[in-house]
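*Asks:* Quick one: the structure is below, and I'll ask about it shortly.
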There are 2 protein chains.
Amino acid sequence: MNANKIPDIIIGRLPIYLRALQRLSERGTLTTSSQELGEIIGISAAQIRKDISQFGEFGKQGTGYSIPFLIERLRDILKVDRVWEVVIVGMGDIGHALARYNGFANRGFHISMVFDNDPAKIGQKVGEYEILDTATLPERLKQNKIKIAMLTVPAASAQEMTDQLVKAGVKAILNYAPISLNVPRGVHVQYTDPVTHLQRMTYYLD
Amino acid sequence: MNANKIPDIIIGRLPIYLRALQRLSERGTLTTSSQELGEIIGISAAQIRKDISQFGEFGKQGTGYSIPFLIERLRDILKVDRVWEVVIVGMGDIGHALARYNGFANRGFHISMVFDNDPAKIGQKVGEYEILDTATLPERLKQNKIKIAMLTVPAASAQEMTDQLVKAGVKAILNYAPISLNVPRGVHVQYTDPVTHLQRMTYYLD
C-alpha cells in the first residue's frame, strides 16, 4: 500500500469511522456492517465500503467487519497506535477545556505541556499541569521533540505563535483562532471554528 | 440554481472561503484570485474555481474575483445574510468559551440563551448571559423558535439532551461531546472533536 496515494478527503473520514468503531467496541460489539456504521455517522454505506476497501479486504460477505481488526488497522493507518505528545498554547477558556478533556487517552494523544504568556497565569496549575511561560516554548518543544500543538491564543497573536511553533519543529497545528495561518510546506493545520460548522448547517435550514 | 444539487462536500468548503474572503476584506482588499485564496486556505486554485463556478460566473479573466460581491453571494447561499439565534447547552469550560467568543457577530449568529442543569450554576452570569435551567429548555426553545444549538454537555448526557433539543424543534446541532448522536432525518449534526482533527494530521507525520 502506498499511503501517499490515499486522497486527503478519505483520510479525513477515517477518524470518524475509528471513533464510531471504538464506541461500538466499548459496548462489547464485535462486528458491524457498512449499513450500521453509515447510520451511526451519517455517511452512505457505499461510501464507507469504498473508503475502507482502499486499505485492503476487511469485510466478509454476510458477516460484516470485525470491529477489533478494523480498529487496529485504522489506528495503524492514522498512526495513532502510538502516543503523540501534544502541547497547548494559550490557557484561556478553550485551553483550560482541552487541558481537562479526558477524551485524548486511548486515542493516540497525551497533553505534555501547557503554555501562556500572561504573568498572572504562568506558574498556576490546571489539573495536573503547571502553566509554563511561552518564552520558554521554543527550547522546551525542541528538547522534547514535540510535533503537535493546539493553538488557543487570540486571533491577533495566532500567526506570531505559529511562526514560533514551526521554528521549534512543530509539524501539526490544531488552530482554534478564527484566522487562516500561513505555514511552510510540510506543516499541517486543521481549523476548528464553531462558525464554519454552523454555517455548513444553515445552508440546509429554512 | 437548484440549491439541493450542490454536493455537501462543496457546501462544507464554502464557509472556509467566506472566512478567508472576510479576512481579506477587513484588510481593505477588494479583489482576489483563486491562486491567492488557495494559498491562504490550502486548497488548490482549480478546486476553488470549480466550487465557485457552481454558483454562477464570478471571476473575470485577468481581474479575479470581486471580494464584496463574492462575500455577498456566499452569505446568501449559506443563509448567513441574516442572524440565527443559537443556544448553548452545558456551561462547562467549552460552554463558557463559546459564550464569551466574539467571533459570531457579523458571521450570521447570535447567542440567545445558555443552559445548564447544575443548581450551582443556574442563575450565575457568564458575560451578558444568565445561565438558565435546562428544565426550562423545551419551553424556551419552542417559544423563541430556536433552530440551532451548540451542545457542550458531557458525553454521558449528550444523547438525552439531543432528544430534548430535537423535540423542541432544533434542526442543527454542533456537538462538542466525543460521541456520535442519533437524530431523525432533517436534523443536522456537526461534530467538533479535537481528536479527530489531530488524527487527521498524524497520518502525515513521521
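*Asks:* Averaging sequence separations of C-alpha pairs under 8 Å and six or more residues apart, then dividing by the length of segment B:1-104, give the relative contact order as a whole percent. Provide the component values of the computation, followed by the final result.
*Replies:* Details: 65 pairs, mean separation 26.8, N = 104.
For segment B:1-104, the relative contact order is 26 percent.
*Asks:* Still on this structure, please answer the following. Report the one residue of A:Trp84, A:Phe69, A:His96 whose Cα lies farthest in the direction of the positive end of the charge dipole of chain A (charges on C-beta: Lys and Arg +1, Asp and Glu -1; origin at the Cα centre).
*Replies:* Of the listed residues, the answer is A:Phe69.
*Asks:* Can I ask one more? Over all directions, the average projected area of the alpha-carbon convex hull for the protein assembly as shown comes to how many nm²?
*Replies:* Projected over every direction and averaged, the Cα hull of the protein assembly as shown covers 21.2 nm².
*Asks:* So what J values fall out for segment A:175-187 if you push phi through Karplus, 6.51 cos²θ - 1.76 cosθ + 1.60 with θ = phi - 60°, rounded to Hz, Gly and Pro as x?
*Replies:* Per-residue couplings from phi come out as 9, 9, 6, x, 9, 7, 9, 8, 9, x, 3, x, 9 Hz.
*Asks:* Shielding of B:30-42 by partners, i.e. mean partner chain Cβ atoms within 10 Å per residue?
*Replies:* Partner-chain Cβ atoms within 10 Å, mean over residues of B:30-42: 1.
*Asks:* Separate question: Put the label 7 Å from Cα along Cα→Cβ for B:Gln47; what are its distances to the other copies, in nanometres, shortest first?
*Replies:* Computed spacing set for this position: 1.5 nm.
*Asks:* Keeping all protein chains in position, work out how much accessible area B:Ile94 exposes to a 1.4 Å probe, and write it in Å² to the nearest 10.
*Replies:* 60
*Asks:* With +1 on each Lys and Arg Cβ and -1 on each Asp and Glu Cβ, how big is the dipole of the protein assembly as shown about its Cα centre, in debye rounded to the nearest 20?
*Replies:* 940
*Asks:* Then there's this: Which listed residue (B:Thr32, B:Leu141, B:Val170) has the Cα farthest towards the positive end of the charge dipole for chain B, taking +1 on Lys and Arg C-beta and -1 on Asp and Glu C-beta about the Cα centre?
*Replies:* B:Thr32
*Asks:* For B:Ile6, place a label point 7 Å out from Cα along the Cα→Cβ vector, do the same in each other copy, and report the separations in nm, one decimal, smallest first.
*Replies:* Taking the point 7 Å beyond Cα along Cα→Cβ, the inter-copy spacings are 3.0 nm.
*Asks:* If I stretch the segment between A:Asn106 and A:Ser33 completely, what's the gain in nm (0.36 nm per residue apart, minus their alpha carbon distance), one decimal?
*Replies:* Details: separation 73, 0.36 × 73 = 26.28 nm, distance 2.36 nm.
Extra length from A:Asn106 to A:Ser33 when fully extended: 23.9 nm.
*Asks:* What 222 nm value per residue comes from the helices of the protein assembly as shown, counting each DSSP H run with n ≥ 4 as -39,500 (n - 2.57) and dividing by all residues, nearest 500 deg cm²/dmol?
*Replies:* -12000 deg cm²/dmol
*Asks:* Please express the Cα-Cα pair-distance distribution P(r) of segment A:133-196 as a list of whole percents, one per 10 Å bin, running from 0 to the bin with the greatest distance.
*Replies:* 23, 57, 19, 2
*Asks:* So what's the convex hull volume per residue for the Cα atoms of chain B, in Å³?
*Replies:* For chain B, the hull spanned by Cα atoms encloses 155 Å³ per residue.
*Asks:* Here's a follow-up. Only Lys, Arg, Asp and Glu count, each charged at its Cβ (+1, +1, -1, -1), so figure out the dipole size of segment B:114-206 about its Cα centre, rounded to 20 debye. Don't jump to the answer; show the numbers that get you there.
*Replies:* Details: 10 positive and 10 negative charges, 97 e Å.
The dipole magnitude comes to about 460 debye.
*Asks:* How big is the charge dipole of segment B:1-151 about its Cα centre, in debye rounded to the nearest 20, if each Lys and Arg gets +1 on its Cβ and each Asp and Glu gets -1 on its Cβ?
*Replies:* Rounded to the nearest 20 debye, it is 400 debye.
*Asks:* Moving to a separate point now. What nm distances, shortest first, do you get from the label point of A:Ala120 to those in the other copies when the point sits 7 angstrom along Cα to Cβ?
*Replies:* 2.3
*Asks:* Of the listed peptides B:196-202, B:160-166, what is their order by residue-averaged count of other C-beta atoms within 10 Å, with the highest listed first?
*Replies:* B:196-202, B:160-166
*Asks:* Give the distance, in whole Å, between the Cα centre of segment A:116-136 and the Cα centre of segment A:79-104.
*Replies:* 15
*Asks:* Report the percentage of all Cα-Cα pairs in segment B:1-90 whose separation exceeds 23 Å, rounded to a whole percent.
*Replies:* Distances greater than 23 Å cover 23 percent of the Cα pairs.
*Asks:* When Rg is the radius of gyration of the Cα atoms in segment A:85-206 and Rh is its Kirkwood radius, what does Rg/Rh come to?
*Replies:* 0.99
*Asks:* Moving on to the next point. Across peptide A:15-26, what mean number of C-beta atoms from other chains lies inside 10 Å of a residue's C-beta?
*Replies:* Whole-number average of other-chain Cβ neighbours for A:15-26 is 3.
*Asks:* Let me know the mean shielding of A:173-185 by other chains, meaning the per-residue number of their Cβ atoms within 10 Å of its Cβ. Before the final figure, lay out each step's value.
*Replies:* Numbers: counts 1, 6, 1, 3, 1, 8, 5, 10, 3, 3, 1, 0, 0.
For peptide A:173-185, the averaged partner shielding equals 3.
*Asks:* Helix A:155-167 versus the longest principal axis of chain A: what is the Cα-based angle in degrees, 0 to 90, to the nearest 10?
*Replies:* Roughly 80 degrees, rounded to the nearest 10.
*Asks:* Looking at A:Ala156, A:Gln190, A:Asn106, which one has the Cα that reaches farthest to the positive end of the dipole of segment A:56-206 (charges on Cβ: Lys, Arg +1; Asp, Glu -1)?
*Replies:* The one lying farthest along the dipole's positive direction is A:Asn106.
*Asks:* Further, regarding this structure: Any chance you could run the full-extension gain for A:Gln143 through A:Ala120? It's 0.36 nm times the residue separation minus the Cα-Cα distance, nm to one decimal.
*Replies:* Extra length available between A:Gln143 and A:Ala120 comes to 5.7 nm.
*Asks:* While we're looking at this one, here's another question. Between helix B:8-26 and chain B, what is the angle of the helix's C-alpha long axis to the longest principal axis, kept within 0 to 90° and rounded to the nearest 10?
*Replies:* The two axes meet at around 80 degrees.
*Asks:* I need the peptides B:28-36, A:78-86, A:16-24 ranked by packing, meaning the mean over residues of other C-beta atoms within 10 angstrom, with the highest value on top.
*Replies:* Those peptides, ordered most packed to least, come out A:16-24, A:78-86, B:28-36.
The values are calculated or read from the model by the stated rules, or taken from the named source; none is laboratory data. What you see is a predicted model; the values in this text were computed from it and never measured. Every residue, glycine as well, gets a Cβ built from its backbone with ideal geometry; the counts of neighbours run over all protein chains shown. To get the accessible areas, we keep the full protein, side chains included, count just its heavy atoms, and leave off ligands, DNA and RNA. Shrake-Rupley method; radii C 1.70, N 1.55, O 1.52, S 1.80 Å.
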